[in-house]
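The block underneath contains the structure these notes are about, expressed in structure tokens.
The values are calculated or read from the model by the stated rules, or taken from the named source; none is laboratory data. Everything numeric in this text was worked out from a predicted model, so none of it was measured. Ligands, DNA and RNA are excluded from the accessible area calculation, which covers all protein heavy atoms including side chains. Shrake-Rupley method; radii C 1.70, N 1.55, O 1.52, S 1.80 Å.
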Amino acid sequence: MKKIYPFLFLITLFSVNSCNVYNFTGTGKIDAKTFQVNFFQNTAELVQPGIDRTFTLTLQDLIQNQTNLNLVKNGGDLTYEGEITDYRITPMMATAEIKAAQNRLTIRVKVQFTNKNKEADDFDKTFEFFYDYKADKQLSGSDLDAAVKVIYERITQDIFNESLAKW
């Protein structure tokens, strides 16, 4: 019985100590205290009003919700900047009458990430995702908002993983 106590002590010690390294968002120890997200301008050929502001706010919210970093307007340890380079709708599937049965909304965002404390983490990369919908539907109003939300959730999570979670 005396030999089991040191074993239990070691298991407890490793369990408690490991919580300092990992968390539920997948980030390790972040060597920064602040971050800034500059406005992501929409430079796509097809301009949908408001998606640039929505993207900027979505990225800010994701980082604030999944880290303990403080959002600043300038001079952040981590800087996210870039632009929305593509917003397009393309037909995906055809019917027997040679009409589109399904369309795809694709949004592409170019991101430059800078880490003042660890330059090896810097990147300049493009992220994109899509949303498929029936061709007989007009993508506007709440339908457009729902599509953009799905796309932005995926893109911002990919940006977060690339910059902070290292997945």
P(r) of segment 25-167 over all Cα-Cα pairs, binned every 5 Å from zero, in whole percent: 2, 9, 18, 21, 16, 12, 9, 6, 4, 2, 1, 0
Probe 1.4 Å, protein heavy atoms only - accessible area per residue of segment 33-158 in square angstrom: 58
Reciprocal mean inverse distance between Cα atoms of segment 92-147 - Kirkwood radius, Å: 14.1
Spatially close lysines, pair count over segment 36-167: Cα under 17 Å, gap of eight or more or interchain: 7
Accessible-area composition of segment 74-167, carbon plus sulfur, in percent [1.4 Å probe]: 47
